[in-house]
1. One residue is enough: does region 112-123 have a residue meeting the conditions within 25 Å of V517 (Cα to Cα), at pLDDT 95 or above and either crowded, with 24+ Cβ neighbours inside 10 Å or of a type in the set (D, E) (or both)?
2. Is there any pair with a first residue in region 385-396 that is closer than 18 Å to I446 by Cβ and a second that is surrounded by fewer than 16 Cβ atoms within 10 Å (Cβ to Cβ) and among the basic types (K, R) whose Cβ atoms are under 8 Å apart and which are 6 or more apart or on different chains, and what are they?
3. Of the conditions (1) without any contact (Cβ under 8 Å) to a residue 12 or more places away in the chain; (2) assigned to a loop (DSSP other than H, G, I, E, B); (3) touching a Gly at 6+ places or on another chain (Cβ under 8 Å), R363 satisfies every one except a single condition; which number is it?
4. Of the residues in region 431-456, how many are of a type in the set (D, E, K, R) and within 25 Å of the chain's Cα centre (by Cα)?
5. Does P170 satisfy the criteria of being assigned by TED's automatic domain parsing to the domain that holds G90, buried (at least 24 other Cβ atoms within 10 Å of the Cβ) and either of a type outside the set (S, T, Y) or touching a residue at least 12 places away in the same chain (Cβ under 8 Å) (or both)?
6. Specify the residue that is nearest to S464 (Cα to Cα); the eligible residues are those in region 205-220 that are of a type in the set (S, T, N, Q) and at pLDDT 95 or above.
7. Name the pairs: first residue in region 338-358 and part of a helix (DSSP H, G or I), second residue charged (D, E, K, R), Cβ to Cβ under 7 Å, at least 6 apart or on different chains?
8. Checking D386 against (1) under 25 Å from I98 (Cβ atoms); (2) surrounded by 15 or more Cβ atoms within 10 Å (Cβ to Cβ); (3) within 24 Å of the chain's Cα centre (by Cα), which test does it fail?
Amino acid sequence: MPRLRAHTRSVVALLVLALSQSAQPQPAARPRLVVLVTIDQFRGDYLERFGPQLTGGLARLTRGGAWFTDAHQDHAITETAPGHATLLSGRFPRSTGIMMNEIGVEDSTAALLPGAIGPGASPRRFHGTTLVDWLQASDRRSRVLSVSMKDRAAILPVGRAKADVYWYSPNGAFTTSRYYRDTLPRWVTAFNARDLARRYEGRSWSLLLPDSAYRERDSVTIEGAGRDNVFPHRISEDSLQAASLIRLSPFIDELTLAFALDGVEALGLGRGPQVDLLAISLSGTDVIGHRFGPDSREIHDQVLRVDRMLGTFLDSLYRLRDSATVTVVLAADHGVGTIPELATSTQPMPERVELHEVYESLRAHLVAAGAAAGAIDIAPPVVIADRATLRSARVNADSALDSLAATLRRQPGIARVDSFRALLADTLRDPIARRWSHQFPSTARIEYVITLTPFSTWGGNVASHGSPRDYDSHVPLIFYGDGIAPGRHTGFVRTVDLAPTLAMLLGVKPLEPLDGVALQSALR
């Protein structure tokens, strides 16, 4: 009998222990794979505008994800390099060091691997950390693959990490630079050997849907700079030219997604138990948008094609990995403005701003005053000065700069010329000032910043971006899949909120202070 009582007491004790343990909150299972899809130059309003015709990946994300409809790249120079650098860093350009395309990733000390065409590239100008570093600090087994047509779009989302990072060479091969490795891995070599890019020779980019499905006129003279601006758009029958020219068509995104899928399988991304990251940047929309503008039939068809491509990609990915273990994020690096000549209802009429005469006059005045011609420089959209050189030449820097600012303000297409330091004092009430304050650190040697009138551009492309205006800053932001609470959110958010949201989802700690905050409403 005593033995029975002892046995009973031990069973009860074990039962109590088991119940107490089960009552403790258990850590939530984390996704095994995070997929960041960035669509270059994808305006935030495209999802609404073309929504009724979306049936693929974009439709799946908008209808089943946490969709933030008023998300912005909340800085002033809305370009590819600064935009991509914000996404997984949670920090504005003033903190990442990637403040303009021109000070992006080009690096002569990091040559491309043999057989590729293009300048060397690396993330050496990038400051600080990204989600990649936070993941690997938590678990060294975390693996990363980042791919794009563009070097900066592949490199900058993952920061300085020595990850698997690849971009497209105009000769039809994916490559990387010596910053990352000295030879291509076998799986990349095998993909390149399939010569998929050259197989697009002679193909045509035709409309995906019947002509009646498109409201835009197909023949707008200024689109495409007056060349090849009517469907169908035919790829050269020369295979070498075709490998380069597909960069001007939707076909480059097909190729990029196919490469990404090969990489997922080759690297074993998402097999667990650690969290892995796949970053994909699709560049086709940017090239097409620059050529034809955001209001063209071409951009309409491109959005429909990206939707279908992403649908096919997700279906393929979910055949490789359990969809219940995958979290997908959709974002963009910037938007784009209407072609200036087509914005006829905008006042003042938009301009293609050219400052050659102002620049030459400035240099002449400086030389006449005994200063070096470059002591004050206009590098649109900023004005910089070497005050020490001006002081040595006994030139009053403030007077010279004030005179230049007055001249700039008289130029057609220029809305504002602000003293950078004075502008920093009014960031709460002035959204343009706020975005400029996010662009450069307060210690930057910048005297003035130039903001153009709506839809005016600095020239170059048929349509362009790069301003602090909402049409350039408004981008999509959607979280979808494992750990995400579906819903539509209309409040203002920033792309710097993306990384801290993923950090909270994944249970990892950022390694430095962030500009963004976690969007907790997106998480289950």
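1. Looking for residues that are within 25 Å of V517 (Cα to Cα), at pLDDT 95 or above and either crowded, with 24+ Cβ neighbours inside 10 Å or of a type in the set (D, E) (or both), one finds at least one in region 112-123, hence yes.
2. Going by the 8 Å Cβ cut-off, the qualifying pairs are A385/R445.
3. Going through (1) without any contact (Cβ under 8 Å) to a residue 12 or more places away in the chain; (2) assigned to a loop (DSSP other than H, G, I, E, B); (3) touching a Gly at 6+ places or on another chain (Cβ under 8 Å) one by one, R363 breaks only (2).
4. 2
5. In short, no.
6. That would be S206.
7. P340/E351; P340/R352; L342/D295
8. (3)
The values are calculated or read from the model by the stated rules, or taken from the named source; none is laboratory data. Quantities reported herein were computed from a predicted structural model and do not represent experimental measurements. When we count neighbours, we look across all protein chains shown, and the Cβ atoms used for this are built from the backbone with ideal geometry, even at glycine.
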